[in-house]
Amino acid sequence: MPSTTADQVSTSITTDEELESAIKTALDCPCVKDLREGPCGSHFVAAFTCFHRSKDVVKGADCLQQNMAFANCLAAHPEVHINGDSEGQMPLVPGQGLPGNVVHTGVTAG
């Protein structure tokens, strides 16, 4: 399956039906499985979907609420880690973005 960037998904689509299909295909990607199935899955799907549906001049600017909910959920769940460099896992730090794949480790804060 060829890889697509967010820009490609959003700019090569001409109908709402194609957009919804592209969003579904992207969300079915194994690369986001941990995000979808983790404790913040519903927030991730809402933010991701909003971004791709966004028609704002600044793509995704109208998705602040969904992105904040996702960021707050990630901050509330320190068991969600970013798959970092070869040194291993590094904890997700709010405000630093997502430099790698996000992985749910299954470890819960006590």
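The values are calculated or read from the model by the stated rules, or taken from the named source; none is laboratory data. These numbers were taken from a predicted model, which means no experiment stands behind them. Counting neighbours? That spans all protein chains shown, and the Cβs are built from the backbone with ideal geometry, glycine included.
Points worth noting:
- Taking the stretch 27-57 as the range and being polar (S, T, N, Q) and in contact with a strand residue (DSSP E or B) (Cβ under 8 Å, 6 or more places away or on another chain) as the test, no residue passes.
- Yes/no for VAL103 being touching a Leu at 6+ places or on another chain (Cβ under 7 Å), farther than 29 Å from THR14 by Cα and modelled with pLDDT under 90: no
- Summed over the stretch 55-76, residues that are assigned to a loop (DSSP other than H, G, I, E, B) and surrounded by fewer than 16 Cβ atoms within 10 Å (Cβ to Cβ) total 5.
- Positions within the stretch 1-33 being at pLDDT 90 or above, under 12 Å from the mean Cα position of the chain (by Cα) and small (Gly, Ala, Ser), in sequence order: ALA26
- Residue, surrounded by the fewest Cβ atoms within 10 Å (Cβ to Cβ), within the stretch 11-46, restricted to residues that are acidic (Asp, Glu) and closer than 20 Å to GLU79 by Cβ: GLU37
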